[in-house]
Amino acid sequence: MADIADKSALRDAAAIVLLRESNSGPQVLMGQRGAGAAFMPEKFVFPGGALDQTDAHVPLAHPLNPACAGRLAQGHPAPQALAAAAIRELWEEAGLRLGTPGGWEDPPADWAEFAAAGLRPNAAPLRFFFRAITPPGRPRRFDARFFLAPAEEIAGDPDDFSAACDELSHLHWVDLAEARKLNLPFITEIVLAEAEAIACGEAMAPSVPFFDNATEVSQFRRIA
């Protein structure tokens, strides 16, 4: 059996923290994982998941901004693929398309319905703002990158979750001030705090927080 603390046991992953303004203040999109899920059962999380091989071949309408791509490259050889994975997971788990008009031929199967809407994924609105590695001893481990994105960049109705798969239930927009009352994983609480500070007007830092649990010794670092 492979050592669970071995870096090779990790899967690259990406998630989108989708934000919008409301009369009550900034809101974030969250959903609840099922009780039988192997990873974080019954927890409220952001739409996200593991990187697929096909994500590296998705023709983005617009790429990530260079600063974000440069920080992502410190740990992954294909930053644009991570952006594509985040957009795909938002589409699969919430039924929301972060895209702009444009056609593309022969999309992978998990992108077919996205492409059928006459859209190509748009990474330009994404801002890489957090990274965390799942600690050893968990049934599944991910090297997760978190992206902020504004809901106004969604093509279509941001309240329409009818195209979502059944991986997340209770998909809803929640006030950032109330989100921490949900049943959250510890790392999600930290990501929410970072997102709330930015949403409330605090300038994004020139470096990205990184909770590195690749080994038994946890480290907090920043990616400049």
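The table that follows gives values for the structure above.
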| read-out | value |
| --- | --- |
| Wholly within segment 117-171, strands (runs of 3 or more DSSP E) carrying at least 1 residues that are modelled with pLDDT of 95 or more and within 21 Å of GLN27 (Cα to Cα) | 127-133, 142-150 |
| Number of positions in segment 152-171 that are surrounded by 19 or more Cβ atoms within 10 Å (Cβ to Cβ) and farther than 21 Å from ASN183 by Cβ | 1 |
| Residues within segment 194-219 that are out of contact with any Asp or Glu (no Cβ under 8 Å at 6 or more places or on another chain), in contact (Cβ under 8 Å) with a residue 12 or more places away in the chain and not in a loop (DSSP other than H, G, I, E, B), tallied | 9 |
| Residue satisfying all of: in segment 175-224; of a type in the set (S, T, N, Q) and under 19 Å from LEU29 (Cα atoms); nearest to the chain's Cα centre (by Cα) among these | THR188 |
| Residue selected from segment 37-79 under the condition part of a strand (DSSP E or B) and either in contact with a Cys (Cβ under 8 Å, 6 or more places away or on another chain) or aliphatic (A, V, I, L, M) (or both), by the criterion surrounded by the fewest Cβ atoms within 10 Å (Cβ to Cβ) | ALA50 |
| Test: ARG127 is in contact with a Leu (Cβ under 9 Å, 6 or more places away or on another chain), crowded, with 20+ Cβ neighbours inside 10 Å and either touching a residue at least 12 places away in the same chain (Cβ under 8 Å) or not aromatic (Phe, Trp, Tyr) (or both) | no |
| Qualifying position, being within 27 Å of PRO41 (Cβ to Cβ), in contact with a strand residue (DSSP E or B) (Cβ under 9 Å, 6 or more places away or on another chain), free of Cβ contacts under 8 Å to residues at least 60 places away in the same chain and not β-branched (Val, Ile, Thr), among ASP159, ASP110 | ASP159 |
| Residue check for LEU29: in contact with a strand residue (DSSP E or B) (Cβ under 9 Å, 6 or more places away or on another chain) and under 16 Å from PHE147 (Cα atoms) | yes |
| ARG140 being more than 26 Å from ARG97 (Cα to Cα) and either touching a residue at least 24 places away in the same chain (Cβ under 8 Å) or out of contact with any helix residue (DSSP H, G or I) (no Cβ under 6 Å at 6 or more places or on another chain) (or both) | yes |
| Test: residue in segment 84-106 that is more than 23 Å from ASP160 (Cα to Cα), surrounded by 17 or more Cβ atoms within 10 Å (Cβ to Cβ) and not aromatic (Phe, Trp, Tyr) | no |
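Here is a yes/no grid of residues against (1) touching a Gly at 6+ places or on another chain (Cβ under 8 Å); (2) hydrophobic (A, V, I, L, M, F, W, C):
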{"residue": "ARG33", "(1), (2)": "no, no"}
{"residue": "THR54", "(1), (2)": "no, no"}
{"residue": "HIS62", "(1), (2)": "no, no"}
{"residue": "GLU89", "(1), (2)": "yes, no"}
{"residue": "GLY95", "(1), (2)": "no, no"}
{"residue": "GLU113", "(1), (2)": "no, no"}
{"residue": "PHE129", "(1), (2)": "no, yes"}
{"residue": "PRO135", "(1), (2)": "no, no"}
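The values are calculated or read from the model by the stated rules, or taken from the named source; none is laboratory data. Being a predicted model, the structure only gives us computed values, none of them experimental. All Cβ positions, even for glycine, are placed from backbone atoms using ideal geometry, and neighbour counts span all protein chains on display.
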